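These notes are about the structure you will find just below.
The values are calculated or read from the model by the stated rules, or taken from the named source; none is laboratory data. Note that the structure is a prediction, hence the values are computed from the model and not measured. Here Cβ is always computed from backbone atoms with ideal geometry, including for glycine, and neighbour counts include all displayed protein chains. Keep in mind that these areas ignore ligands, DNA and RNA; they rest on the heavy atoms of the full protein, side chains included. Shrake-Rupley method; radii C 1.70, N 1.55, O 1.52, S 1.80 Å.
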Amino acid sequence: DYQAAWARLVTFMAERGVTNVQWVFAMSGRAYAKSVNTWYPGDQYVDIIASTGVNSCSGSACTYRQQTKIMAPMVSWAQDHPHELIAVCESGTVESTVDPQAKAKWLTKAQTDLKASAYQRLEFFVYWSSGNYRLNTSSASLTAAGKWFRDSYWSS
């Protein structure tokens, strides 16, 4: 039913001449590895394949999940859909309770990793800056975010 409803909406809009829309199909990173084919409406109805995923790890008993690891299931699945763009429609991380530089390192690594060839179709990246995920939770994370935003690679 979901696939049919999506297709109907896209068709309905196209029949009325709507051209200023990009259709973004988004699931959590983990869902791409499990159930994406149940939901995906088809390439003819999707412009951008996107994934959500945040790193909520902060304690001493966990390891930060890097952005590329969070997005890996979507990126892998999207390889079979080479005409669609890809996107990160929700991302973020919290400060570590044991390493005051962990969030800044995570941001710096994400900025670098998302330049890799697997992400050359990346259309947009959305950082969820709310609560403990805000970019200004430490001076180190704010500095890392500022470097990312000033990187000329991301301003094109």
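Structure notes:
Residue by residue, here is whether (1) modelled with pLDDT under 95; (2) within 22 Å of residue 24 (Cβ to Cβ); (3) touching a Ser or Thr at 6+ places or on another chain (Cβ under 9 Å) holds:
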residue	(1), (2), (3)
90	yes, yes, yes
98	yes, no, yes
112	yes, no, no
116	yes, yes, yes
142	no, no, no
155	yes, yes, no
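- Members of segment 28-50 that are at pLDDT 95 or above and farther than 13 Å from residue 2 by Cα: 43, 44, 46, 47, 48, 49, 50
One line per residue, one yes/no per condition, for (1) over 26 Å from residue 128 (Cβ atoms); (2) β-branched (Val, Ile, Thr):
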site: 21; (1), (2): no, yes
site: 45; (1), (2): yes, no
site: 69; (1), (2): no, no
site: 73; (1), (2): no, no
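- Qualifying residue in segment 133-140 (condition: over 13 Å from the mean Cα position of the chain (by Cα), without any contact (Cβ under 8 Å) to a residue 40 or more places away in the chain and in a helix (DSSP H, G or I)): yes
- Condition broken by residue 124, with the remaining ones in (1) farther than 18 Å from residue 69 by Cβ; (2) not in a strand (DSSP E or B) satisfied: (2)
- When restricted to residues that are crowded, with 17+ Cβ neighbours inside 10 Å and either in a strand (DSSP E or B) or not polar (S, T, N, Q) (or both), segment 107-117 contains 3.
- Residue match in segment 119-127 (condition: more than 13 Å from the chain's Cα centre (by Cα) and either aliphatic (A, V, I, L, M) or open to solvent by less than 60 Å² (accessible area, probe 1.4 Å) (or both)): no
- Single match in 50, 104, 144 (criterion: within 30 Å of residue 15 (Cβ to Cβ) and among the small types (Gly, Ala, Ser)): 50
- Residue check, residue 96 among the small types (Gly, Ala, Ser), over 15 Å from the mean Cα position of the chain (by Cα) and within 29 Å of residue 137 (Cβ to Cβ): yes
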